[in-house]
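Readers should treat all values here as calculations from the given coordinates under stated rules, not as data from a laboratory. No experiment lies behind these values; they were computed from the predicted model shown. Glycine also receives a Cβ, built like all others from the backbone with ideal geometry; neighbour counts cover every protein chain displayed.
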Amino acid sequence: MESPPPEKQTVRVTILNRPYTLRAAGDPRDIERVAAQLDDLMLALAAKAPNADSTHIAVLACLHLADRLTALEREMEAQRQRVDQGSEKCRGMIEELIATAGEGM
């Protein structure tokens, strides 16, 4: 039996000096933390481009976050390959030990 989806809660955040009211199923503190990180990023971008409008700042923030996501995905894939190689090496060693132990009987 499936449990019902968590009830959505109202969360109020401020991003780039604009208030937003969101409805989220997760922990409101997580939403607030993510919104604060986004606000910090957008304020930093706005400080570097004082003549840019909020849409321009939002696009730059999206590009920055997409770049970070892509880098993390590459890093995760490289880690996955290292784990796969290590697992394959261990499997080979175990098979060798089993074969050696079988010869001794």
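Out of residues 5 or more away from GLN9 or on other chains, whose amide H comes under 5 Å of its own, with H placed 1.01 Å from N in the peptide plane?
Under 5 Å from the amide H of GLN9 lie the amide H atoms of ALA24, ALA25, each far enough along the sequence or on another chain.
In whole Å, what is the distance between the alpha-carbon centres of region 2-31 and region 62-105?
37 Å
THR21 to ALA58: FRET efficiency via 1/(1 + (r/R0)^6), r the Cβ-Cβ distance, R0 22 Å, to the nearest 0.05? Before the final figure, lay out the partial values.
Details: r = 18 Å, r/R0 = 0.81.
It comes out at approximately 0.80.
If you split all Cα-Cα distances of the chain into 5 Å bins from zero, what percentages do you get per bin, shortest first?
Once binned at 5 Å, the Cα pair distances of the chain give 2, 10, 11, 11, 11, 10, 10, 8, 6, 6, 5, 4, 3, 2, 1, 0, 0.
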